[in-house]
1. Identify the residue in the stretch 169-193 that is within 15 Å of the chain's Cα centre (by Cα) and open to solvent by less than 10 Å² (accessible area, probe 1.4 Å) and, among all such residues, is farthest from residue 62 (Cα to Cα).
2. Mind checking which residues of the stretch 9-41 are in a helix (DSSP H, G or I) and charged (D, E, K, R)?
3. Among the residues of the stretch 35-48, is there at least one that is crowded, with 21+ Cβ neighbours inside 10 Å, touching a strand residue (DSSP E or B) at 6+ places or on another chain (Cβ under 6 Å), closer than 21 Å to residue 194 by Cβ and in contact (Cβ under 8 Å) with a residue 24 or more places away in the chain?
4. Of the residues in the stretch 10-31, how many are open to solvent by less than 60 Å² (accessible area, probe 1.4 Å) and more than 19 Å from residue 120 (Cβ to Cβ)?
5. Do any residues in the stretch 119-147 that are in contact (Cβ under 8 Å) with a residue 60 or more places away in the chain have Cβ atoms under 7 Å from those of residues that are part of a helix (DSSP H, G or I) and open to solvent by 70 Å² or more (accessible area, probe 1.4 Å), where the two are at least six apart or on different chains, and which pairs are they?
6. When residues of the stretch 64-113 are filtered for being under 19 Å from residue 169 (Cβ atoms) and assigned to a loop (DSSP other than H, G, I, E, B), how many remain?
7. Scan the stretch 148-167 residue by residue and report those that are charged (D, E, K, R), touching a residue at least 12 places away in the same chain (Cβ under 8 Å) and open to solvent by 50 Å² or more (accessible area, probe 1.4 Å).
Amino acid sequence: MHDHSHDNDLDPMEARVRALETILVGKGLVDPAAVDLIIDTYENKVGPRNGAQVVARAWTEADFAQALRDDATTAIESMGFAGRQAEHMEVLWNTPDTHNMVVCTLCSCYPWAVLGLPPVWYKSAPYRSRAVSEPRKVLSEFGVTLPESTKVKVWDSTAEVRYLVIPVRPEGTEGWSAEALADLVTRDSMIGTGLAKEPVT
């Protein structure tokens, strides 16, 4: 019987990771500051910022947008974003008529080079199953409500192909630089569970 309570609110996977980290740190094999730095880099700096630069360039350069359509892997590599988990890339273009959302129903295939480490929810069983069976409801839980006329397409990421969603460019950003536009691009908007941020006027 497991009838006692615990003094933490970690899910089982987070608890295992925390326990493993505690053991490795205790044995002097891992520096916790280095681990935190690596995680922060992949979650908040390197990955999502790379993808945001790809999106902003696609929004501002017609030739690059076409290169993404022709061969996304090569186009993304041309910006220096390559490596593990980004060998076979495709881009999905959101429009007012079609909204694309990415999931990996098998495990957690994810384009690290442009999005960093996958968020915990992306790897969770509920997201992996519900994104396919009830995508509009899942989107609404992320705060995204689309018109009924907008078709929602769900794409299953695999070891053979990984996806980057190009969100709809926000209105009122004509003439903006790619650098300024990149600040409007969120990680979730490149997965399809979010939208690009609206410009502050």
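The values are calculated or read from the model by the stated rules, or taken from the named source; none is laboratory data. As the structure is a computational prediction, the values presented were derived from the model and not from experiment. Here the Cβ is made from the backbone with ideal geometry for all residues, glycine too, and neighbour counts use every protein chain on show. Side chains included, ligands, DNA and RNA excluded: accessible areas come from the protein's heavy atoms. Shrake-Rupley method; radii C 1.70, N 1.55, O 1.52, S 1.80 Å.
1. Within the stretch 169-193, the match that is farthest from residue 62 (Cα to Cα) is 193.
2. Correct list: 14, 16, 18, 21, 36, 40.
3. Checked the stretch 35-48: no residue is crowded, with 21+ Cβ neighbours inside 10 Å, touching a strand residue (DSSP E or B) at 6+ places or on another chain (Cβ under 6 Å), closer than 21 Å to residue 194 by Cβ and in contact (Cβ under 8 Å) with a residue 24 or more places away in the chain.
4. Here the count works out to 3.
5. Qualifying pairs under 7 Å: none.
6. Number of matching residues: 5.
7. 151, 153, 156, 160
Per-residue answers, yes or no, for (1) among the hydroxyl-bearing types (Ser, Thr, Tyr); (2) open to solvent by 70 Å² or more (accessible area, probe 1.4 Å); (3) within 16 Å of residue 191 (Cα to Cα):
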{"site": "82", "(1), (2), (3)": "no, no, no"}
{"site": "104", "(1), (2), (3)": "no, no, yes"}
{"site": "107", "(1), (2), (3)": "no, no, yes"}
{"site": "122", "(1), (2), (3)": "yes, no, yes"}
